[in-house]
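K.L.:
Following this message is one structure expressed as structure tokens.
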Amino acid sequence: MRKRLYATEQAIVWQAVQLQGIIAKMAAAKTYSDDDLLAYLDEMLPADRMTVLEADLRTDEALRLRVASVAHRRDQGVHSVGEIWRRLRLSCPSRNQLGSFLLGTLSPTMTEYIEFHLRSVGCRLCAANLHDLERSMKSTPEATDRRRRFFESSAGHLRDLSSGRRG
């Protein structure tokens, strides 16, 4: 059994060929969509789905070849609207919106959307952003002291400006 990896000049598409068996196996065992594989490559799948896919990649040569083919096609500039949408994170809320979500100041519609995006879509980037915002909202004694000292120094400076003294 001979395995070759090459670019065909006729189709100008990267192909992995190990006789005809692998290509047939790839077509028959399409349990993952190309979008799933692209999301895997961009580390955008939910962690549990990525774990399952990685386990399958370890044991399935046809799937590894498919991932390589999808990655190559993407790197050659072949993009779908969905891929552009995902790559530019057009459906992700902004960090400002995530902060407003934590504060509970968003409209019910936007709150529902962010909950859907985090729970159903499982966006790991937004979840990490939200976790970072939650962590930064927790006040430590050092941060409280630093804010108090900053406020006191600023208040003194503002008092001097309002009384006409410049220092």
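K.L.:
Counting only the backbone N, which residues of the stretch 108-136 are under 19 Å from the spot 7 Å out from the Cα of Ala143 toward its beta-carbon?
P.N.:
127-136
K.L.:
Can you compute the FRET efficiency between Glu152 and Ser94 using 1/(1 + (r/R0)^6), with r the Cβ-Cβ distance and R0 = 41 Å? Round to the nearest 0.05. It would help to have the intermediate numbers written out before the result.
P.N.:
Details: r = 33 Å, r/R0 = 0.81.
That pair, Glu152 with Ser94, gives E of 0.80.
K.L.:
According to a simple spin-label model (label point 7 Å from Cα along Cα-to-Cβ), what is the distance in nm between Ser120 and Thr51?
P.N.:
The answer from the label model is 2.4 nm.
K.L.:
Taking R0 as 30 Å, what FRET efficiency do you get between Ser33 and Ser136 from their Cβ-Cβ distance, rounded to the nearest 0.05?
P.N.:
Values: r = 37 Å, r/R0 = 1.22.
Using R0 = 30 Å, I get an efficiency of 0.25.
K.L.:
Moving to a separate point now. Counting other beta carbons within 10 Å of each residue's own, what order do His72, His117 fall into, fewest first? Before the final figure, lay out the partial values.
P.N.:
Values: His72 15, His117 18.
So the ranking, lowest neighbour count to highest, is His72, His117.
K.L.:
If we sort 131-140, 53-62 on the protection proxy, mean other Cβ atoms within 10 Å, highest first, what's the order?
P.N.:
Going from most to least packed, we get 53-62, 131-140.
K.L.:
Name the residues of the stretch 126-156 whose amide N is less than 19 Å from a point 7 angstrom out from the Cα of Leu102 along the C-beta direction?
P.N.:
Only 126-148 fall inside the zone, counting backbone N under 19 Å.
Coordinate-derived values only; no laboratory data. Quick caveat: nothing in here was measured; it's all calculated off a predicted structure. Neighbour counts are summed over all protein chains in view; Cβ atoms, including those assigned to glycine, are modelled from backbone coordinates with ideal geometry.
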